[in-house]
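Step one of this worksheet: look at the structure below.
Taken together, the values in this text are just the output of simple stated rules run on the coordinates, not laboratory data. This one's a predicted model, so the numbers in the text were calculated from it and none came from an experiment. Here Cβ is always computed from backbone atoms with ideal geometry, including for glycine, and neighbour counts include all displayed protein chains.
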Amino acid sequence: MHLSTALSRIAPSQTTAMTDRATQLREAGRDIISLSVGEPDFATPPHVLEAAKAALDGGQTKYTPVGGTSRLKQAAALHFARDLGIEVPTSQVTVSAGGKQAIFHAMLATISEGDEVIVPAPWWVSYPEIVRFAGGKVVPLHTHAKDNFRFTPADLEAQIGPNTLWVLLNSPGNPTGACLPAETLLGIGEVLRHHPRVLVMSDDIYAPINYTGGPHATLANLCPDLADRILTVSGVSKSHAMTGFRIGVAAGPEWLIKAMERLQSHSSGNPCSISQAAAVAAFEGPQEFLAEWCERFRARRDLVVSAINAIPGLSTPVPDGAFYCMVDAGPLMERFGDDAKLALHLLDHGVAIVPASAFGGKDGFRISFAADEAQLVEACRRIAEAVG
Ligand SMILES: Cc1ncc(COP(=O)(O)O)c(C=O)c1O
């Protein structure tokens, strides 16, 4: 084996590992409900599929510009302005193979050995691995269920040091569903004004899935004076049920967008041409169904939260967005040892979830409620039986 130093710093994704394990068990004939996967169970909208077919039939099967077609960059700029309140020219927009690749390239293009990156925890599994792969040091900013997994501007300031290069924000968040309210973001902006070297990556990929009743709040919109050091990442994977298409978009300062495209030109090259045409349709086509999907997610959230909170030893705050809830199983740890063992025990009882430790948390697990109601009811019944 010849693994690079960079690769040996990172671990495989535990969410993917759990999903793969559930699939294997299912293939072996076991009845497993998988609540481990991070994608909507809804079908990709028909107008998006039509656009993909038309692109194929129309011969859009060749290389495109590395950072995406100008058509898609315009559609993405429309999305940033209409949905996130961020006005950017297309020179400040880039397209990659999923939001994941945009984040990967942004970190790889900027981090030098010893740079620190503040990551609120529990975090999305890929953030720390990407930072470590790039040679950076992860500085966790721990958040807790009792605070609905939110942190304050003062909590953030306490973590900033001379080597801080990036702060990663993710609202609505995976794995907690927590949303950063506008007041907190304004406070974060104030903190950042005292630290001019620090860049911010705002991962808004779950923005349309928001149950707060208010508009989505994002830093580049609330603090336009800081826009020259904010990279906002978005996409169609979660909002438009297009995870397989692999399209993510990012808006930020031109130097960073150019740096990301420079790297992309030597890694994957352009994102898939057919998927780009489909993403144009996603951004420019009807958006009304998003509110309807969000309502369906809200009903599922309410179902799961009340079922989990009725199980002795388990509790969860009410998530404000995305389709996840982070369940605290602290009172059960004496019995089960740790959350990885609890996850295996639940798998034995026919439910796949992901232990909190995979997300830099502890003593709990993440449920993805992107599954139909009947499955969610049955999964919660199995969980109650497994820990009862
Ligand atoms: C917080 C967060 N950011 C980014 C992504 C990446 O999404 P994509 O499938 O567009 O790469 C995910 C996917 O799970 C996510 O949960």
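Quick look at the numbers
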read-out	value
Contact order relative to length of the chain, as percent, for alpha carbon pairs under 8 angstrom and 6 or more apart	23 percent
Amide H contacts under 5 Å for A121, placed H, 5+ residues apart	L141, H142, T143
Rounded if a/c under 1.5, otherwise prolate or oblate - the range 33-101, Cα gyration tensor axes	oblate
In order through the range 112-119: 3J(HN,Hα) via Karplus (6.51 cos²θ - 1.76 cosθ + 1.60), integer Hz, x for Gly, Pro	10, 3, x, 5, 9, 10, 8, 10
Relative contact order of the range 14-135, defined on C-alpha pairs under 8 angstrom at six or more residues apart (%)	17 percent
Mean separation of Cα contacts under 8 Å (6+ apart) over length of the range 140-235, as relative contact order %	28 percent
Magnitude of the charge dipole, the range 154-255, Cβ model with Lys/Arg +1 and Asp/Glu -1, debye to 20	300 debye
Under 5 Å, built H, 5+ apart or other chain: amide partners of E116	K137, T164, L165, W166
Amide proton proximity set for A134, modelled H, under 5 Å, gap of 5+	none
Global size of the chain as Cα Rg and Dmax, reported in angstrom	20.5, 61
Relative exposure of F323, F42, judged by other C-beta atoms within 10 Å (fewest first)	F42, F323
The range 126-242 shape via C-alpha gyration tensor axes, a/c threshold 1.5	rounded
Kyte-Doolittle at least -1.0, axis length at least 18 Å by Cα - qualifying DSSP helices, the chain	70-84, 254-266, 288-309, 373-387
N163 versus E27: modelled label distance in nm, points set 7 Å from Cα along the beta carbon direction	4.3 nm
Structure-based [θ]222 nm, the chain - -39500 (n - 2.57) summed over DSSP H runs of at least 4, per residue, nearest 500	-13000 deg cm²/dmol
Projected label distance in nm at R71 and H266, using a 7 Å step from Cα toward the beta-carbon	3.1 nm
Nearest-0.05 FRET efficiency for E292 and L49, computed from C-beta distance (R0 22 Å)	0.75
Rounded, prolate or oblate (a/c below 1.5 giving rounded, otherwise prolate when a/b exceeds b/c) for the range 187-263 by Cα gyration tensor	oblate
Stretchable slack from K341 to E190, in nm (0.36 nm times residue separation minus alpha-carbon distance)	50.1 nm
Signed unit charges on C-beta, dipole axis of the chain, positive-most listed residue L342, S273, A384	S273
Hypothetical label at H2: residues of the range 249-285 whose amide nitrogen lies under 12 Å (7 Å Cα-Cβ projection)	none
